[in-house]
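The values are calculated or read from the model by the stated rules, or taken from the named source; none is laboratory data. Just so it is clear, the model here is predicted, and its values are computed rather than measured. Neighbour counts run over all protein chains shown; Cβ positions are idealised from the backbone, glycine included.
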Amino acid sequence: MRKPENILYGTGDKPPLQILLVLALQQMSFLGVYLVISPLFARELGLDPPQSLQLVSATLLASGLGVLLQTAKISGIGSGYFCPLQATSSTFAGLILVKTHSGLSAVFGMVGVVGLAQMAFAWLFQRLRGVLTVQVAGLAVLLIGLGLGYYGIKLVLEADAGLELQQQGLLCALTLGTMIVFNVWSSGFLRLFSAFLGLLAGFIGSYALGAIPDSDWAVFHDAPLFYLPRPMNIGWSLDHHAILPAIITGLFLALHGFGALVAAQRFNDADWKRPDLQLVKQGILAEGLTNVCNSFLNGLPLTSSGGAVSLAASTGCTSRYLAYWLAALMAGIAFMPKAIVFWQILPLPVMGSALIFLASFTALSGLQVIASRLLDNRKTLALGIGLILGVSYEPVLRPFHQASAEALKTLLFSGVSLGVFVAVVLSALFQIRNHTREQRTFDAQHSSLDEVIVFLEQQGRIWGARPEIVRRAEHATWQAFEILTEHGLLDRQDGDSDKIRLQTIFNEYTFTVILGYSGKVLPLMTHPPSHEEMLNDEGAVLQMAGYLLHRLADQVRARHDGERCELRLIFND
């Protein structure tokens, strides 16, 4: 794994202590936007203020635990990447459905089942290599970026009390402009803190414009500085009505986590080619275990934060040591109501500007992942329909909210999970009659390079191989054609022209081209013949051709079976 140029401190690097502390504050400043989700949900459940505060504290404690589990990578739990967890309002439909049928305590029993479902799907994902492809991973990252950007624009344009449109625009320009200036035109430490400096500028601007209402300041002043959270203060129970919504919610949380974890892998490896499904499994296991613990704390379900991953990448620090400081900060704030309220009073245009900043990096990274592979009609349709449904999440969701069948609402969890779910289902469906072996017979004397290129490109699109791998295969295959014909290695059969049967195999890791023919086997050399051999040995020219072919492919194998010969060219993808 090679560290990208834009990353100052990679996964295994240890930044100075003071930098880690400020970066942890920066991450907490961003994740603070999700602290408002707990009070919103508390309002939906009808909780009183002390219970609402307990809900926020429990969710923060679980988030700190999840960051540690995700990064520590102990006993097969955790991906080893910096990938914080966050609450999401998309789980509200399932949780409220359970509360309506089974009561408030069953909501937190459902959170435990959600965690168990995530862990079960983590094991399943590892076995879905054929449908959880690089392109699907790119779609997940792209949808995370688009979702962040959409939510950011929505926050910027939402009218705060007493805040005019010009003031909203000014706060957005101040916050986003500060982030851009320090990220683009500065280097070193200032770029590391570009998001934090932007949020700080936005807060100062909000204070100067009077964008924070007096009522919010009153709540901040009245909040106690310190208190002791009480786990299980609301209760815990398990009801059979909660099992199906919990399993569905666990599936879509796992799909969302898949996207965030792929983004973390992509941001940390300059040579990234495909998702490491083993690490994805370990990361989702960490999420699931966190939610199991979270259910006994009486907190909200958590999933990996694609925004936090993007923030770490955009500012140049993805170090796992940052996770330890962030976990400690989350745990400390869980005991400090005044700090919780402070993050909740930050004006929405400031937080929305931060989301727009992060969305730019994430969405373009997803596009790069998708574009790194060739696409045929099957993949184009699977990804295209998934993308359209993912970005159209709210209009798709509206009819279900108006329908009387409440259980259907849990099927539409978030734009990311909906789009990925559709793409995975369609990819699995399109596997029907999509064979991994294809072959075609060519006339060796009269076939052209264009015919070979067309065949190999068609196979590359079907299987989603990288364009550069297909280009290498085309060049090496045509060289093999010329060697077989020019050196008389092909036998004519019944006066017919020489025939070469071309077969391709792809398995996500290698692109293999097999040339089958009747004739003599090609001698393969790992070392070139010497100058003396080239002058004195007639077979040395053929040996040199075999050596050069060996240089064009990652592996070359030749075998002879009776009258049939086989030349196998293997290219690592």
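Here are a few things to note about the model shown:
- Tally, over the range 529-546, of residues that are touching a Leu at 6+ places or on another chain (Cβ under 8 Å) and farther than 20 Å from GLU474 by Cβ: 1
- For the range 545-572, the candidate set comprises residues that are part of a strand (DSSP E or B) and of a type in the set (A, V, I, L, M, F, W, C); within that set, the residue that is nearest to the chain's Cα centre (by Cα) is PHE571.
- Hits in the range 310-368 (condition: crowded, with 20+ Cβ neighbours inside 10 Å and without any contact (Cβ under 8 Å) to a residue 60 or more places away in the chain): ALA339
- Any chance LEU542 is in contact (Cβ under 8 Å) with a residue 24 or more places away in the chain, within 30 Å of TRP272 (Cβ to Cβ) and in a helix (DSSP H, G or I): no
- You will find that of PHE41, PHE30, the residue that is within 20 Å of the chain's Cα centre (by Cα), more than 26 Å from LYS281 (Cβ to Cβ), buried (at least 19 other Cβ atoms within 10 Å of the Cβ) and at pLDDT below 85 is PHE30 and no other.
- Single unsatisfied condition, VAL452 versus (1) part of a helix (DSSP H, G or I); (2) at pLDDT below 85: (2)
- If the condition is being modelled with pLDDT of 80 or more and among the charged types (D, E, K, R), then the range 332-374 contributes only LYS338.
- Pairs, first part of a helix (DSSP H, G or I) in the range 159-171, second modelled with pLDDT under 65, C-beta under 8 Å, six or more apart: LEU165/ALA159; GLN168/ALA159; GLN168/ASP160
- Residue selected from the range 66-77 under the condition assigned to a helix (DSSP H, G or I) and touching a helix residue (DSSP H, G or I) at 6+ places or on another chain (Cβ under 6 Å), by the criterion nearest to VAL111 (Cα to Cα): GLY66
- The condition (being part of a helix (DSSP H, G or I), at pLDDT below 85 and in contact with a Leu (Cβ under 8 Å, 6 or more places away or on another chain)) is satisfied by just one residue among VAL107, VAL141, VAL136, VAL114: VAL136.
- Residue selection: VAL134 fails the criterion of being surrounded by fewer than 24 Cβ atoms within 10 Å (Cβ to Cβ) and touching a Pro at 6+ places or on another chain (Cβ under 6 Å).
- The residue pairs whose first member lies in the range 1-14 and is among the β-branched types (Val, Ile, Thr), whose second member is surrounded by fewer than 16 Cβ atoms within 10 Å (Cβ to Cβ) and modelled with pLDDT of 85 or more, and whose beta carbons are closer than 9 Å, counting only pairs six or more residues apart or on different chains, are ILE7/ASP13.
- Residue in the range 253-271 that is within 19 Å of the chain's Cα centre (by Cα), free of Cβ contacts under 8 Å to residues at least 40 places away in the same chain, surrounded by fewer than 22 Cβ atoms within 10 Å (Cβ to Cβ) and on the phi < 0 side of the Ramachandran plot present: no
- PHE335 within 30 Å of VAL184 (Cβ to Cβ), assigned by TED's automatic domain parsing to the domain that holds GLN168 and of a type in the set (Phe, Trp, Tyr): no
- Only one of the numbered conditions (1) surrounded by 24 or more Cβ atoms within 10 Å (Cβ to Cβ); (2) within 30 Å of GLY386 (Cβ to Cβ); (3) not basic (Lys, Arg) is not met by ASP276, and that is (1).
- Selection of the range 148-165 for residues being at pLDDT below 80 and buried (at least 23 other Cβ atoms within 10 Å of the Cβ) yields only LEU148.
- Screening CYS83 against (1) closer than 13 Å to LEU302 by Cα; (2) assigned to a helix (DSSP H, G or I) leaves a single unmet condition, (2).
- Single residue of THR485, THR526 found to be modelled with pLDDT of 80 or more, of a type outside the set (D, E, K, R) and either more than 37 Å from the chain's Cα centre (by Cα) or surrounded by 13 or more Cβ atoms within 10 Å (Cβ to Cβ) (or both): THR485
- Selection from the range 522-553 of residues that are closer than 25 Å to PHE571 by Cα and small (Gly, Ala, Ser): ALA545, GLY546, ALA553
- Filter result (modelled with pLDDT of 85 or more and buried (at least 24 other Cβ atoms within 10 Å of the Cβ)) within the range 65-89: GLY66, VAL67, LEU69, GLN70, THR71, GLY78, SER79, TYR81, PHE82, CYS83, PRO84, LEU85
- Within the range 497-537, tally of residues that are closer than 25 Å to GLU457 by Cα, assigned to a strand (DSSP E or B) and of a type outside the set (A, V, I, L, M, F, W, C): 8
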